Amino acid sequence: MAHVNAAESLSQEAQGIPLIDLSSPDVDALIDDIGHACRQWGFFQIINHGVPSERLHRVEEALRKFFHLSLDEKRKVRRDARKVLGYYDSEHTKNVPDWKEVFDYTVNEPTLAAASVDEDDDRVAYWENQWPQSPPEMREACQEYAKDMVELAKRLMELIAMSLGLPARRFEEFFTDHTSSSRINRYPPCPSPEHVLGVGPHKDPGVLTILAQDEVGGLEVKRKSDGKWIGVKPLPGAYIINLGDVLQVWTNGQYESVEHRVMVNSVKERFSIPFFLNPSHYTMVAPLEELTQEQNATNYRAYNWGKFALTRKRSNFMKLQVENIQIQHFKNIPSQHYIPDSPRVFG
């Protein structure tokens, strides 16, 4: 399990994480608020987002039924290196086991994905969801909820684009065959919460994440201004938004993904449902030309999203001898180029 240093475990309750009302009639002010939150935090909460509360409640009811099934029953839809979607109870973050069990599914069925991490291999894989027989309502509840998340993500990307001075639909071309997915996390009660983490410190590799968390809480964000860990207090009806690595590269570092982690509870189990907005597998991720014209320099080399994502998935099923691939491996460094010890995925 991911270990936490006692000195590092001291965190503050979130006071400064922006709270943004998406129903604001002042669109210019809303865009400014989004831009400020992206630059200063990389994390923010949203309310009045238009997602019906009953959609989330249906998923929550189904997931509790599923996770309380026997382990043998849950493992009937266990994911592996071939079937990459479904149930899993041995998740790793940066080569360290997490204190949780998960269920993963993609929005598009099937989802078009890279078949190989080799840059010369153009084959396409078709990722199929594995749905459990019980509870029978889980599939429909998850699928309907995912549709809401796609629409919400689309609106957020339009606001983010405008906050950068770009046309609202600037990012739309990258999502024709998007590889977006959702995950259901269960963090069991932990007898020694001071020694382990539900999820170790990490950044999300995709475009952005929309997170629903229950009343137990446990999410912590590393504040950009001073590096302190800030606890994100659950707010009923709100979603937590965090920027991912792809958006950091697209903006050439103007907006940054931020490290976060999950603490565990000694008494209560915790549930969370993140939605990961991801581009099409064939997308070459690189800084947008419009955002590099004044600087005349790009901070990142282009990489293929599908092959990058497939490389990252390796650590779910094995402990690697080297750090799993990260976007800093594609950062342009004067007079030197760091090449990661992994298959070629540079495109």
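Between D89 and S23, the FRET efficiency from the beta-carbon distance, with R0 = 35 Å, is close to 0.35. Taking amide H as placed 1.01 Å from N in the peptide plane, the amide H of N265 sits under 5 Å from that of C190, each at least 5 places away or on another chain.
Distances between placed amide hydrogens fall under 5 Å for Q130 paired with G86, all partners being 5 or more residues away or on another chain.
For region 126-258, the fraction of C-alpha pairs more than 23 angstrom apart is 46%. When the charge dipole of region 111-171 is built from unit charges on Cβ atoms (+1 for Lys and Arg, -1 for Asp and Glu) and taken about the Cα centre, the candidate among C142, S163, L112 whose Cα reaches farthest toward its positive end is S163. Whole Å is fine, so just give me how far the alpha carbon centre of region 131-148 lies from that of region 173-247. The distance from the Cα centre of region 131-148 to that of region 173-247 comes to 22 Å. Calculation over all alpha carbon pairs of region 195-300 in 5 angstrom steps from 0 returns a P(r) of 2, 11, 19, 20, 17, 13, 9, 5, 2, 1, 0 percent. Restricting the calculation to alpha carbons of region 93-188 gives Rg and Dmax of 16.7, 48 angstrom. The phi-based Karplus calculation (6.51 cos²θ - 1.76 cosθ + 1.60; θ = phi - 60°) puts the 3J(HN,Hα) values of region 132-142 at x, 6, 10, x, x, 7, 5, 4, 5, 4, 5 Hz, whole numbers, x for Gly and Pro.
Hey, what's the Kirkwood Rh for region 24-107 if you take every pair of different alpha carbons, in angstrom? One over the average 1/r among Cα pairs gives 16.5 Å for region 24-107.
Can you compute the charge dipole magnitude of region 142-261 about its Cα centre, using +1 on each Lys and Arg Cβ and -1 on each Asp and Glu Cβ, nothing else charged? Give it in debye, rounded to the nearest 20. So the magnitude is around 220 debye.
Dipole of region 17-114 computed with +1 at Lys/Arg Cβ and -1 at Asp/Glu Cβ about the Cα centre; of F103, L30, N48, farthest Cα towards the positive end is F103.
Using the Cα centre of region 134-199 as the reference point, and only Cβ charges (+1 on K/R, -1 on D/E), how large is the resulting charge dipole? Debye, rounded to the nearest 20.
Dipole about the Cα centre, nearest 20: 120 debye.
Only Lys, Arg, Asp and Glu carry charge here, each on its Cβ (+1 for the first two, -1 for the last two); on that basis region 223-278 has a dipole of about 280 debye about its Cα centre.
In the structure shown, do any of K307/K331; K203/K268; K228/K313; K76/K100; K100/K331 have a Cα-Cα gap over 20 Å, and if so which?
K203/K268; K228/K313; K100/K331
We did not get these values from a lab; they are worked out from the coordinates using the rules stated. All values reported here derive from a predicted model rather than from experimental measurement. Cβ atoms come from the backbone with ideal geometry, glycine included; neighbour counts cover every protein chain shown.
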